[in-house]
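J.: First the structure, then my questions, so here it is.
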Amino acid sequence: MPATNPSLLLLIPAYNEEGRIEPVLRQYGAYFAANYEGKFQLVVVLNGCRDNTLAVVNRVAKDYPFIHAVDFPAPIGKGGALIEGLKLAPMADLVGYVDADGATPPKAFHDLVKRMDEADCVIGSRWIEGAVLHQAQTTKRQFASRCFHLIVQSLFWMNIRDTQCGAKVMKREAVEKVHDMLRIADMAFDINLLFALRRAGYRILEVPTEWTDQIGSKVVLGKTSLTMLLSAIRLRLIYSPFYGWLRPFRPLEKWVYVKLLGAPQPLQGPKSRPKADSRKEGELQPK
Ligand SMILES: Nc1nc2c(ncn2[C@@H]2O[C@H](COP(=O)(O)OP(=O)(O)O)[C@@H](O)[C@H]2O)c(=O)[nH]1
Ligand SMILES: [Mg+2]
């Protein structure tokens, strides 16, 4: 990574976000055009949207040429979308992601980027001193989140207080190194990413961030929590010496995820590079 002005790629996963994403893209576009010295690119990764998110993103992209969209029709989930988006890592020195609803303001994301000289991955945290929470999550959601945290800690011992905050940034080489290990498509994707980085020896720095919990969440608490719990356990097994022995149970695993929970699955097939939306085709190039 160059000492000054690294190029930056920001991914925004988006599912049915036509009502929330436009002001967020405009804020990020204006902020990074004015305040970021290096090359900045923003790619919205959509999948299976049943609304007009793509048209909204394309409208904003007319005003900010560094904003692009990639669209995957399959229901690959937030994690699946990020797995695909992270294949664009060769476009920049640093690759990060934030949610489409503006929970993380542009400056807060920039603050994470500024700490990248201290680690290979910097993640925003809502649960360490100094964090600014403008709008707390509902009590039920906070309870589920803290229970999930305890389970994740007891399974993975990463000592990360907030694995689920939607704001993270990494060095390109770290993303490229762990990409093959990314296989959780649901909201537990972040654990997959963080654990893969840890196992590969990369340094993760958790810093307090600013967060506003927005209305219009796509999370259906019961179903999402159960899927995340199963994914965390599955991830633990993938990294255990017993995973091979569990091969006979794979059809059952698939049945539970797909049929019972309707959980997203990552895109199958060869590790292809995502194509830009047709209007922008050819513009997404490695740096
Ligand atoms: N591409 C994609 N993004 C998703 C999907 N589900 C959620 N997201 C995105 O993930 C981010 C976080 O979702 P949100 O509903 O705000 O979750 P919450 O803040 O944890 O309640 C947003 O940018 C969503 O658009 C999905 O299935 N596919
Ligand atoms: Mg949100």
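J.: Tally up the residues in region 59-99 that are basic (Lys, Arg) and within 13 Å of ligand 1 (Cβ to nearest atom), please. Give the derivation first.
T.: Looking only at region 59-99, we keep the residues that are basic (Lys, Arg), and these are 59, 62, 78, 87.
This time we only want the ones that are within 13 Å of ligand 1 (Cβ to nearest atom), so: 78.
Number of matching residues: 1.
J.: Being outside any strand (DSSP E or B), more than 16 Å from ASP99 (Cα to Cα), within 16 Å of ligand 2 (Cβ to nearest atom) and out of contact with any Gly (no Cβ under 9 Å at 6 or more places or on another chain), is that true of even one residue in region 158-176?
T.: There is no residue in region 158-176 that is outside any strand (DSSP E or B), more than 16 Å from ASP99 (Cα to Cα), within 16 Å of ligand 2 (Cβ to nearest atom) and out of contact with any Gly (no Cβ under 9 Å at 6 or more places or on another chain).
J.: May I pose another question? Residue under question is LEU11, and the condition is that it be in contact with a strand residue (DSSP E or B) (Cβ under 7 Å, 6 or more places away or on another chain), surrounded by 23 or more Cβ atoms within 10 Å (Cβ to Cβ) and more than 18 Å from LYS107 (Cβ to Cβ); does it hold? Don't jump to the end; show me each part of the working.
T.: Values: in contact with a strand residue (DSSP E or B) (Cβ under 7 Å, 6 or more places away or on another chain): yes; surrounded by 23 or more Cβ atoms within 10 Å (Cβ to Cβ): yes; more than 18 Å from LYS107 (Cβ to Cβ): yes.
Against the criterion (in contact with a strand residue (DSSP E or B) (Cβ under 7 Å, 6 or more places away or on another chain), surrounded by 23 or more Cβ atoms within 10 Å (Cβ to Cβ) and more than 18 Å from LYS107 (Cβ to Cβ)), LEU11 qualifies.
J.: I need the full set of residues from region 224-260 which are away from ligand 2 (no atom under 16 Å from the Cβ), within 23 Å of CYS49 (Cβ to Cβ) and surrounded by 14 or more Cβ atoms within 10 Å (Cβ to Cβ), in order please.
T.: Passing the criteria: THR227, SER231, TYR257.
J.: Given the criteria within 16 Å of ligand 2 (Cβ to nearest atom), at pLDDT 95 or above and not aliphatic (A, V, I, L, M), does GLY102 qualify?
T.: yes
J.: May I pose another question? Test LYS218 against the criterion of being surrounded by 14 or more Cβ atoms within 10 Å (Cβ to Cβ), within 30 Å of LYS62 (Cβ to Cβ), modelled with pLDDT under 95 and out of contact with any strand residue (DSSP E or B) (no Cβ under 9 Å at 6 or more places or on another chain), and give yes or no.
T.: Answer is yes for this residue.
J.: Here's something else I'd like to know. Counting just the residues of region 180-215 that are farther than 16 Å from PRO266 by Cα and acidic (Asp, Glu), which one comes out surrounded by the fewest Cβ atoms within 10 Å (Cβ to Cβ)?
T.: ASP213
J.: Inside region 161-173, can you point out the residues that are over 15 Å from LEU11 (Cβ atoms) and touching a helix residue (DSSP H, G or I) at 6+ places or on another chain (Cβ under 7 Å)?
T.: Passing the criteria: THR163, GLN164.
J.: Assuming GLY80 fulfils every condition listed in (1) closer than 30 Å to LEU235 by Cβ; (2) touching a residue at least 60 places away in the same chain (Cβ under 8 Å); (3) surrounded by fewer than 24 Cβ atoms within 10 Å (Cβ to Cβ) apart from one, which condition is it?
T.: (3)
J.: Do you know which residues across region 96-118 are small (Gly, Ala, Ser), crowded, with 19+ Cβ neighbours inside 10 Å and not in a helix (DSSP H, G or I)? If you could, list the steps in order and put the result at the bottom.
T.: So in region 96-118, the residues small (Gly, Ala, Ser) come out as 96, 100, 102-103, 108.
Okay, now just the ones that are also crowded, with 19+ Cβ neighbours inside 10 Å, so 96, 100, 103, 108.
Selection gives GLY96, ALA100, ALA103.
J.: Only residues in region 215-241 that are within 19 Å of LEU194 (Cβ to Cβ) and part of a helix (DSSP H, G or I) count as the first member; pair them with residues that are among the charged types (D, E, K, R) and at pLDDT 95 or above, Cβ under 6 angstrom, at least 6 apart or cross-chain, and list the lot.
T.: THR227/ASP186; SER231/ASP186
The values are calculated or read from the model by the stated rules, or taken from the named source; none is laboratory data. Keep in mind that this is a model prediction, so the values were computed, not measured. Because the Cβ atoms are built from the backbone with ideal geometry, glycine has one as well, and the counts that use them run over all protein chains shown.
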